[in-house]
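The values are calculated or read from the model by the stated rules, or taken from the named source; none is laboratory data. This structure is a prediction, so every number in the text was calculated from the model and none was measured. As a convention, Cβ positions derive from the backbone with ideal geometry for all residues, glycine included, and neighbour counts pool all protein chains shown. These area figures cover heavy atoms from the full protein model, side chains too; ligands, DNA and RNA do not enter into them. Shrake-Rupley method; radii C 1.70, N 1.55, O 1.52, S 1.80 Å.
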Amino acid sequence: MIESHVPIPSDPVERIRALRVLREVHRRKRKPSLEVTYRTVSGSTCGPYYVARWRRDSKFKHGRTLYLGKPENESVRFVEWLVSLDRNEVLELARHLMRNLRSVLKTLLTGVSDLPYKRARRVLARGLALTFDARPSESPRIRDVLEELPDRLESFAIRTLGGWPAHYSAHLRKVIRHRRKSLDGKHEIPDVKLELERWKLRHVQ
């Protein structure tokens, strides 16, 4: 069994990175490796920076690299701890996260209103991308939805992360990506409860 204390990062951005690592563990059924990288900018070498990496294998044609950042970052320490565990313990932790992802994100995102607006919006976008199983490159598209957030960010988060049946998040992701306002073409924040009722009507029959 996994020890009761799991070193989940306290910083919201770092916690999203840790959750992404666990989600990828769940998808690939493999622990990542923690690797050091360097960057060259204008002839100068910068680093070290850490990444969590999965190599391609017979089941997955493409590998995956998740950026963690500087050695002192909480997500780096989390992945260091994660790779020290037995494979079965890591998979158990990842399964636990997936079963409780909605409540985990609600707890995380309820506190984002204490952050500066731009940072809070970034965290919320990453959290929603994680919920809707979007690739990191799609986070800006989801962030576009948040341009017209209500005054209290957490009210949108809790409303959006409300209960839904299996596979509903994939449908809601499409709604967020494709719904447009008829006049100016900007993204419109969907009425999540209304969309859920429409989804239920189509799938209950």
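How many of the residues in segment 35-60 are in contact with a strand residue (DSSP E or B) (Cβ under 6 Å, 6 or more places away or on another chain) and touching a residue at least 24 places away in the same chain (Cβ under 8 Å)?
3
Criterion first (open to solvent by 20 Å² or more (accessible area, probe 1.4 Å) and touching a Ser or Thr at 6+ places or on another chain (Cβ under 7 Å)) does Arg55 satisfy it?
Criteria not met by Arg55.
Whether a residue is modelled with pLDDT under 80, within 20 Å of Ile8 (Cα to Cα) and open to solvent by 30 Å² or more (accessible area, probe 1.4 Å) was assessed, and Asp114 passes this test. Residues of segment 35-46 that are at pLDDT below 95 and either open to solvent by less than 50 Å² (accessible area, probe 1.4 Å) or among the hydroxyl-bearing types (Ser, Thr, Tyr) (or both): Thr37, Tyr38, Thr40, Ser42, Ser44, Thr45, Cys46.
For segment 45-64, the count of residues that are of a type outside the set (Val, Ile, Thr), under 23 Å from Pro12 (Cα atoms), assigned to a loop (DSSP other than H, G, I, E, B) and within 18 Å of the chain's Cα centre (by Cα) is zero.
Residues of segment 21-34 include at least one that is in contact (Cβ under 8 Å) with a residue 12 or more places away in the chain, surrounded by fewer than 16 Cβ atoms within 10 Å (Cβ to Cβ) and assigned to a strand (DSSP E or B). Only a single criterion out of (1) crowded, with 18+ Cβ neighbours inside 10 Å; (2) farther than 18 Å from Val6 by Cα is not satisfied by Tyr49, namely (1). Filter segment 77-101 down to the residues that are farther than 15 Å from His26 by Cβ, out of contact with any helix residue (DSSP H, G or I) (no Cβ under 9 Å at 6 or more places or on another chain) and not charged (D, E, K, R) and list them by number. Hits for segment 77-101 are Trp81, Ser84.
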